[in-house]
1. Looking at the range 256-265, can you tell me whether even one residue there is surrounded by fewer than 20 Cβ atoms within 10 Å (Cβ to Cβ) and among the aliphatic types (A, V, I, L, M)?
2. For the range 248-267, name all the residues that are more than 10 Å from THR18 (Cα to Cα) and not in a helix (DSSP H, G or I).
3. Given the options SER82, SER20, SER47, name the one that is farther than 16 Å from GLN262 by Cβ, surrounded by 14 or more Cβ atoms within 10 Å (Cβ to Cβ), out of contact with any Ser or Thr (no Cβ under 6 Å at 6 or more places or on another chain) and polar (S, T, N, Q).
4. Could you count how many residues in the range 198-249 are free of Cβ contacts under 8 Å to residues at least 40 places away in the same chain and of a type in the set (Gly, Ala, Ser)?
5. Take residues that are hydrophobic (A, V, I, L, M, F, W, C) and tell me which of the strands (runs of 3 or more DSSP E) falling wholly in the range 142-218 contain 3 or more.
6. Within the range 94-114, which residues are more than 13 Å from LEU161 (Cα to Cα) and part of a helix (DSSP H, G or I)?
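The values are calculated or read from the model by the stated rules, or taken from the named source; none is laboratory data. Quick caveat: nothing in here was measured; it's all calculated off a predicted structure. Cβ placement follows ideal geometry from the backbone for every residue including glycine, while neighbour counts extend to all protein chains displayed.
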Amino acid sequence: MDLSISIGNWRLKNPVLTASGTFGYGEEFSDYVDLSSLGAIIVKGISLKPRPGNPPPRVVETSCGMLNAIGLENVGLEKFISEKMPVLRDYETDIVVNILGESIEDYRELCVELDQTAGISAIEVNISCPNVKKGGLAFGTDAGMANRLCSEVRKMTDKPLIIKLTPNVTDVSLIARAVEDGGADAVSLINTLLGMAIDVKKRKPRLANVVGGLSGPAIKPVALRMVWQTAKAIKIPVIGIGGISSVDDALEFLLAGASAIQVGTANFINPGLSGEIGKGIKNYMEEYGFTELSELIGSLQI
């Protein structure tokens, strides 16, 4: 039973990853899931300098989902390398670092430093965050800018590059093709949808930032559709994200053409879910006669 997949020159033992921003720096979940059972841990987004994030309240539960406007709070590159990576290297699983910046130069510098840091298997480039005021989403909504950013960071590292895409565009496949042409090894999608919530008694927004990113089961049908469209439009692997809360959810994304999946908001409800999904995919393959994951990927019958 072969659950492994390849992204560029990187071979993952299985297709179950954790979504950036929902799994801390990995160590926080070590009591709830066997981290060595995961295909990879994707740590929360890292910027050049520490970020305090947005003011609270910045997380709101909604119907079938969650709104967040964390603002990409993180310890910054220097502290991540000196304090977080020594711990992460002890786990028998691959480590992916999600990066964010306000300029192309920020992304370039991050890639240079991380390229020289031992223990990192791949870099996920976030061009899709909806709740920061600079960079991020601006790169992810313009195909030309996305292509340029990807081309520039590609020069800075030989590590596999995953570009994380936003759903807040008219045609996500255009952005996917642009970063594929720019040298990306894979794309991950979707990041959160823009949304808001209002406290009717106070007549005020529930988030201090007013708007935030909607995640959780509410966005799964949208995410699944976008993954299916993108997988047909590009040749590089697609990593599916968005509302995955069960084994069947993960299987839907694989059937739609995703080569791997990321578990996100569901980690807050069931911190051991990512490990359960890995076992569930294997059981499904045994039941339906698949011997390699590649046979399952994109096998949706239409």
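1. No, the range 256-265 contains no residue that is surrounded by fewer than 20 Cβ atoms within 10 Å (Cβ to Cβ) and among the aliphatic types (A, V, I, L, M).
2. ALA256, GLY257, ALA258, SER259, ALA260
3. Being farther than 16 Å from GLN262 by Cβ, surrounded by 14 or more Cβ atoms within 10 Å (Cβ to Cβ), out of contact with any Ser or Thr (no Cβ under 6 Å at 6 or more places or on another chain) and polar (S, T, N, Q) holds for just one of SER82, SER20, SER47, which is SER47.
4. 2
5. In the range 142-218, the matching strands (runs of 3 or more DSSP E) lie at 161-164, 186-189, 193-196.
6. Hits for the range 94-114 are ILE104, GLU105, ASP106, GLU109, GLU113.
Residue-wise test of (1) modelled with pLDDT under 95; (2) within 16 Å of the chain's Cα centre (by Cα); (3) closer than 23 Å to ASP185 by Cα; (4) crowded, with 19+ Cβ neighbours inside 10 Å.
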{"site": "SER215", "(1), (2), (3), (4)": "no, yes, no, yes"}
{"site": "ILE219", "(1), (2), (3), (4)": "no, yes, no, yes"}
{"site": "ALA250", "(1), (2), (3), (4)": "no, yes, yes, yes"}
{"site": "PHE253", "(1), (2), (3), (4)": "no, yes, yes, yes"}
{"site": "GLN301", "(1), (2), (3), (4)": "no, no, no, no"}
